[in-house]
Structure formats: C-alpha cells, structure tokens
Amino acid sequence: MTDKTMTPDEAVGRLRSGMTLGIGGWGARRKPMALVRAVIRSQITDLTVVSYGGPDVGLLAAAGRIRRLVAPFATLDSVPLEPHFRAAREQGRIAMTEYDEAMFMWGLHAAANRLPFLPVRAGLGSDVMRVNPGLRTVTSPYGDGEEFVAVPALRMDAALVHVNRADRAGNGQYLGPDPYFDDLFCEAADTAYVSCERLVDAFPSGTAPQTLLISRHSVTGVVETPNGAHFTSCVPDHGRDEPFLRLYATTPWPEFAARFLSGRTEDDYQAAVRAWREEDRT
C-alpha cells in the first residue's frame, strides 16, 4: 500500500487560494488545528470554508484567509460564540452561507454520494430559508405531495480532519465518543488530508470496526501531529485546553498571533504554548 505520510506544511502546500476547504471536527472538539495553523503560515487566501465551526474558523477569519463561510455555527463550546468569527462577521470581512445543523449534515451526505442535493424536512418554517435565499424546495413525486428543502451538496476541493490514530495508507481511527462526520468530509472532497495524534503500523487485533472511521480510499495524505488538535479536545488523548482557550478568546488578535503563530513550524507553536504554560504557573 502507498505510504501517504507528509508534514503539515507539505499537506497544505497542495492547497491553493480560492479553494473550497472542508474542516472536520465540531466546535472546539477534534479540530485539525495543526493543519489550520499551517494554512496560516502559508500564503493561501480567498477560501470558502465548510465547517461545524470552532477555532478553526476563528483563526482563519482573523488571519484574513476566509472569503465565505458555510456553516451552521461557530463556537468554542465553553464560549458560545467564537469571538474572532464574530468580529469578522460584524465588520463585514467574510460572507456567510448559513444552514441548520441537520441540513448541513445532509449536504455532506449528498456530496459524499455525488448527488446534487438531498431532500430534508429540517429548515422548513425557519429563518434559515430567509437568511439563505439560495435554498429551494422540492415536492415529493409520490402521492403524499409533501414539500422538502432541497439541500445542495457541499462539495469541496479539499478536506482537513484530525483523528486519534492513523496508518500510513490513510486509514483513520477515532477513539472518542463521536465521529463528528469526519468520514463525510473526506468522502465529499476531491482530496483529503488526515492528521493524527499517532501513526501506527497496524491497528490492534480486535479493533472495533466502527472506530475505523476513515478509509484509505478517500485520503490523499496522512500527517502525524502529536497534540495537533490543540487547543481543542481529542479525547482520550487529551481534553480541551480550557485556560489556553480563554487566553485565545480574550487576547487581541495581533498579540495572540505574534506570540503563538509567528513561528515557521508546528513545533514552534507547541514550544510557545509550553513557554506560556510555564509562565502561567509562576
């Protein structure tokens, strides 16, 4: 089998400005933050980002890399509304296509199955239809005549996701409580890059098949990034770094970026976090 391993910067080097980029995870949970930070170190911009939004959206919005966000929300979980996303929206720096959470999921399903849309009940009678005027409805061709929202496929040029374990061929395993639709992101994109807490040569005998969320057929590259979801959670490997999350949420962007995102590699970021943690203990 092909060895698909690469560094964060090698993976991001395959992306281009103007792409539609999907980012897996959910809120502040198991986000591919090392890959997001690599995007910020690059010159890539003018992105359409598709995400159950968290600090991935906040970082990219604050860094001026997002043209349009397609999302049902952007949250840090313990901080209900992602502050840098909020600032970008209030200042008119990014456009947004807003979906209900279930509509978003079925848009991923449609893209993964290479369908133009899927009919759903979610969204009917809500303001989603008003704030997203591009949505259309369809009528059941069967005798019931029921009306549905026709949710368009959320096709992406590339997807970034993070899992607990992966092998060199691109098979990915999650060990936490929720898959967060990462498999759909990979299948709905033309290319997909999977970062992981640890590379393995083989998955242990007796591994539950349902934990092998991501299959190598939908993966372009694999990146080993220990603590690469920081500061989001990646249980059971690590929880959410709540003190650092609060620092991120309350620090002016130029100051935060200068201290933590000005390095040349992911190792520089991790070293800056360790230095801050040591200072915080004194």
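No lab work stands behind these numbers, since they all come straight from the coordinates. All figures in this text were calculated on a predicted structure; none of them were measured in a lab. With ideal geometry, Cβ positions are generated from the backbone for all residues, glycine too; neighbour counts draw on all protein chains shown.
Brief remarks follow.
- E98, E266, E255 arranged by Cβ crowding within 10 Å, fewest neighbours leading: E255, E98, E266
- Ascending count of other beta-carbon atoms within 10 Å, so fewest first, for I23, I94: I94, I23
- Cut-off 11 Å between beta-carbons: net charge of the residues surrounding T5, Lys and Arg +1, Asp and Glu -1: -2
- Extension gain, L199 to R14: 0.36 nm times the residue separation minus the Cα-Cα distance gives 64.5 nm.
- Computed FRET value (nearest 0.05) for T207 with E255, which takes r as the C-beta separation and R₀ as 41 Å: 0.40
- Highest-MSF residue in the chain out of T220, T207, T191 [GNM, Cα springs under 10 Å]: T207
- Full extension of the chain between E146 and R86 gives 17.9 nm of extra length, using 0.36 nm per residue less the Cα-Cα distance.
- Cβ-defined net charge surrounding G125, 13 Å radius [Lys, Arg +1; Asp, Glu -1]: -1
- Listed values [x] 31, 24, 17; [y] 53, 23, 21; [z] 38, 24, 15 include one computed from this model; for semi-axes √(5λ) of the Cα gyration tensor in Å that value carries the label [x].
- Less than 5 angstrom separates the built amide H of N171 from those of R216, all sequence-distant by 5 or more or on a different chain.
- Here the 3J(HN,Hα) profile of the range 199-213, calculated from phi with Karplus coefficients 6.51, -1.76 and 1.60 at θ = phi - 60°, is 7, 10, 6, 7, 7, x, 4, x, 4, 5, x, 5, 7, 7, 5 Hz, Gly and Pro shown as x.
- Mean-square fluctuations from a GNM of the chain, with a 10 angstrom spring cutoff on Cα atoms, peak among G263, G143, G54 at G143.
- Take the Cβ atoms of A169 and L115, set R0 to 22 Å, and the FRET efficiency comes out at 0.20.
- In the range 91-223, the DSSP beta bridges split such that about 50 percent are antiparallel, to the nearest 5.
- Net +/- balance of residues flanking A169 in space, Cβ distance below 13 Å, scoring K and R +1, D and E -1: +1
- Taking packing as the residue-averaged number of other Cβ atoms within 10 angstrom, the listed peptides 164-176, 118-130 run from highest to lowest as 164-176, 118-130.
- Taking the number of Cβ atoms within 10 Å of each Cβ as an exposure proxy, the fewest-first ranking of F104, F117, F85 is F117, F104, F85.
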